[in-house]
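Every number here is computed from the coordinates shown, using simple stated rules; none is lab data. Keep in mind that what you see is a predicted model, and the values were worked out from it rather than measured. Using ideal geometry, Cβ is built from the backbone for each residue, glycine included, and neighbour counts are taken over all protein chains shown.
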Amino acid sequence: MLYLLSVFLLIFGSYQTSQIESDPEALEIVRKVDLKTRGNSSIGTATMTIVRPRWTRKMEMKSWTKGTKYSIILIQSPARDKGSAFLKRDKEIWNWQPRIDRNIKLPPSMMMQSWMGSDFTNDDLVKESSIIEDYMHQMDGEESIDGRDCYRITLIPKPDAAVVWGKILMWVDKDEYIQLKTEFYDEEDYLVNTMYGKAVKNLGGKTLPSILEIVPADKEGHKTVIEQHWIKFDEPLELDFFTTSNMKRVR
């Protein structure tokens, strides 16, 4: 997810997606970004802060991931949400709700809905779509973000990809291959969200942003901030850890 995660393009103009092929250099850069944020597996904790014009809400979370297909996110606080868990297992996504003692399978139609009332969607947090497999990649120049030299890369969905974004613009640090800024556009090329990577530091032996901030384009005073407290990469996790029954037991 930050590696909760691990989340996250040129204007279409007159181009059609079927006419665009991935630039090998851009694809390789995005591969390095994806691998760095995920590792082969990871375990970590984070705080999510939801900011609204009249209120702020915080949630503590723990996450386990294995590759791109398996993850569990456990809500540790506040008390009313404690014990709730989300599981991604291949293409299935499940939500364990201890208050009603039920596992609920999320349909694909819910991927763009808000995750736990935040500005992240279900797709953002469980990463149903793949920035490697579902998009075509093009170099789109260079730019400086917070004093760091970055590649600017355009991601456009492949014609047959089941993705929620019409376009993604990604700014990647040239030295560390980390996302410092990402813009998400809808199918009509309107900016929906901007995500910023901030407070770059060592996390689990890797140089990564410790804070992800997502800001909706059309909702003044709204944002969601995820701060990663610690993370360990390449921890031994078996596939049978990622089951609906284990969602009820993880701590």
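Could you please rank Phe120, Phe241, placing first whichever residue has the fewest other Cβ atoms within 10 Å of its Cβ?
Phe241, Phe120
For Leu35, what is the net charge nearby, where nearby means another residue's Cβ is under 11 Å from its Cβ and Lys, Arg count +1, Asp, Glu -1?
Net charge in that neighbourhood comes out at +3.
Roughly speaking, what is the stretch gain from Thr49 to Asp218, that is 0.36 nm per residue apart minus the C-alpha to C-alpha distance, in nm to one decimal? Intermediate values should be presented prior to the final figure.
Details: separation 169, 0.36 × 169 = 60.84 nm, distance 1.91 nm.
Residue separation times 0.36 nm, minus the Cα-Cα distance, leaves 58.9 nm.
Given points 7 Å out from each Cα along the Cα-Cβ axis, report the Asn40 to Arg57 separation in nanometres with one decimal.
The modelled label-to-label distance comes out at 3.9 nm.
For region 67-75, in order, what is each residue's ³J(HN,Hα) by Karplus, 6.51 cos²θ - 1.76 cosθ + 1.60 with θ = phi - 60°, in whole Hz (x at glycine and Pro)?
x, 9, 9, 10, 7, 10, 10, 10, 8
Given a cut-off of under 8 Å on Cα pairs at least six residues apart, what relative contact order in percent is computed for region 101-240?
14 percent
Taking just the C-alpha trace of the chain, give me its Rg and Dmax in Å.
Here Rg and the maximum Cα pair distance are 17.5, 52 Å.
Which FRET efficiency value, to the nearest 0.05, is calculated for Glu238 and Gln113 with the Förster distance at 41 angstrom and r the Cβ-Cβ distance?
It comes to 0.85.
Under 18 Å from a point placed 7 Å out from the Cα of Asn246 along the Cα-to-Cβ direction: which residues of region 36-62 have their backbone N that close?
Taking a point 7 Å out along Cα→Cβ of Asn246, the residues of region 36-62 whose backbone N falls under 18 Å are 39-45, 62.
Net charge around Thr243, counting only other residues with Cβ within less than 14 Å of its Cβ (Lys, Arg = +1; Asp, Glu = -1)?
Net charge in that neighbourhood comes out at +3.
Please give the Cα centre distance for region 59-127 versus region 152-223, rounded to the nearest Å.
Here the two parts' Cα centres lie 20 Å apart.
For Asp189 and Lys82, FRET efficiency with R0 = 51 Å and r from the beta-carbon atoms, rounded to 0.05?
0.80
Taking the Cβ-Cβ separation of Lys69 and Ser144 as r and a Förster radius of 30 Å, what is the calculated FRET efficiency to the nearest 0.05? List each step's numbers first, then the result.
Numbers: r = 35 Å, r/R0 = 1.18.
The value I calculate is 0.25.
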